[in-house]
1. Where in the chain are the helices, taken as whole DSSP H runs, whose Cα atoms extend 24 angstrom or more along the long axis and whose Kyte-Doolittle mean reaches at least 1.0?
2. Mind putting a number on the dipole of the chain about its Cα centre? Charges go on the C-beta only, +1 for Lys and Arg and -1 for Asp and Glu, and I need it in Debye to the nearest 20.
3. Beyond 15 Å, how much of the Cα-Cα pair distribution for region 8-104 remains, as a whole percent?
4. Using a Förster distance of 35 Å, how high is the FRET efficiency between residue 15 and residue 90, based on the Cβ-Cβ distance and rounded to 0.05?
5. Express the C-alpha Rg of region 80-176 as a ratio against the empirical globular expectation 2.2 N^0.38 Å, rounded to two decimals.
6. Taking only DSSP H segments of four or more residues, each worth -39500 (n - 2.57), what value at 222 nm results for the chain once the sum is divided by all its residues, to the nearest 500 deg cm²/dmol?
7. Counting alpha carbon pairs within less than 8 Å and at least 6 residues apart, what relative contact order, in whole percent, applies to the chain?
8. Considering only DSSP beta bridges with both partners in the chain, what is the antiparallel share in %, to the nearest 5?
Amino acid sequence: MSIVVPCFNEEEVLDETTKELTAILDHLVKNRKISPDSQIFFVDDGSRDRTWTLIQHKSEENHFVQGVKLSRNFGHQFALLAGMETAVKISDCIISIDADLQDDVQTIPKMVDKYLDGFDIVYGVRDKRDTDTFFKRNTALAFYRLMNRMGVRLVPNHADFRLMSRRAVEELAHYHEENIFLRGIVPLLGFPSTKVYYNRKERFAGKSKYPFKKMIAFAVEGITSFSVVPIKLVTSLGFSIVAIGVVIAVYTLVVWLMDHTISGWTSLILSIWLVGGMQLIAIGVIGEYVGKIFKETKRRPRYTIETSTLGPAEKQGRGSGNK
Ligand code: UDP
Ligand code: MG
């Protein structure tokens, strides 16, 4: 097993995180649930503090600890991906968890049990969010609602604390999209999956690395890399404007016939509404095609075979558009 921990300027929490994760791994090894070769994989996401030095020291004194350092700050999602794709080469299952211990490490043994029961993906789901600020809780809720409206299937209240089997991670690697939004993609993988619940805690130390600006960027990323609903909104807006335009056309013509207008008003109002609406429709139509291109460029696997009577699934490939 590998535990992947993305770290961005986390020097304050690394000691405690390592201690707690080591205790969990020791315990699991003792119970013969996981191999003694299991690892904690720290991914330094271009930190500007002593994070990497600390990781190096820890890897010397603690046989569980390994580290990879990214060349610059790539962001949480890419740091996770880098860690998982590195770890998958040497592990059967991979758990991802934040460095700040907000996700309860005691959930890890439960996840491992589920894995041993045969689940490929185990989502850690927050039971309560008491410790998050009012603001964070509500913006997060609004985000899940919005995503749902846009047709993106997310596991509510699940962040990036999850266990994935090797074949699930290997399949994930076949999603070649540039803008990776793991919470949206993982449910698309399929495979037997389940949830475990836990209470989210306060950040152990240090400040959140997700200020409001990054949160908005994250939400926009999530929506635009999964959904073409915004494009469809433009088209329907266009149709509505044309519909309103027709009503206004009738009104302006009546007023004009009754001679209550100054010259030029009727033609101006008519053209503003009708032409405006038609332009929006036109943009929407172009958008539909751009949306198609957008989907094609992702080259996502068209299907994934989980298993068959022919032999191991790995050998049989997938409906890859990605050759
Ligand atoms: N993180 C990262 N790169 C970034 C931002 C954050 O690797 O650019 C890591 C960070 O070190 C932490 C995790 O992502 O382990 C989640 O960040 P944080 O706890 O600050 O987010 P929050 O819990 O406030 O949403
Ligand atoms: Mg956090």
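1. 229-257
2. The dipole magnitude comes to about 720 debye.
3. Details: 2804 of 4656 pairs.
Roughly 60 percent, once rounded to a whole number.
4. Efficiency for this residue pair is about 0.90.
5. Cα-based Rg divided by the globular estimate yields 1.18.
6. So the calculated ellipticity at 222 nm is -16000 deg cm²/dmol.
7. Working: 490 pairs, mean separation 54.2, N = 323.
Relative contact order for the chain comes out at 17 percent.
8. 35
Readers should treat all values here as calculations from the given coordinates under stated rules, not as data from a laboratory. Remember, it's a predicted structure, so these values are computed and weren't measured experimentally. Glycine also receives a Cβ, built like all others from the backbone with ideal geometry; neighbour counts cover every protein chain displayed.
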